[in-house]
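K.L.:
Pasting a structure here, questions to come.
The values are calculated or read from the model by the stated rules, or taken from the named source; none is laboratory data. Quick caveat: nothing in here was measured; it's all calculated off a predicted structure. Please note: Cβ atoms are built from the backbone with ideal geometry, for glycine as well, and neighbour counts cover all protein chains shown.
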Amino acid sequence: MLASLQGKEVTIHFIDGTNVCDGILDQIDDKFVKYVTQYQTLVIPITSIRTVSIDIKERQRHRVGFAP
């Protein structure tokens, strides 16, 4: 399943509630994921990952108020 996200910009959410974002899944193995950001390279064990999300479109905010 993670192999389809290889090379894409994703956010990884961990079991302890923290996350990393603005990085790319570089390599995927049976036990580890290599996640590369602009500043660092992380080697993350698969067992510590809760979810992986991909942002496909930026949310547009609703306009508040009345136009004349």
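K.L.:
Hey, can you tell me all the residues within region 31-42 that are over 16 Å from residue 8 (Cα atoms) and touching a strand residue (DSSP E or B) at 6+ places or on another chain (Cβ under 8 Å)?
P.N.:
Going residue by residue through region 31-42, those that are over 16 Å from residue 8 (Cα atoms) are 31-32, 39-40.
Passing the criteria: 31, 32.
K.L.:
Give, as residue ranges, the strands (runs of 3 or more DSSP E) completely inside the chain that count at least 1 residues that are at pLDDT 90 or above, surrounded by 11 or more Cβ atoms within 10 Å (Cβ to Cβ) and in contact with a Leu (Cβ under 7 Å, 6 or more places away or on another chain). Spell out the reasoning first.
P.N.:
Working: elements: 9-14, 19-28, 32-36, 41-45, 49-53.
The qualifying strands (runs of 3 or more DSSP E) are 9-14, 19-28, 32-36, 49-53.
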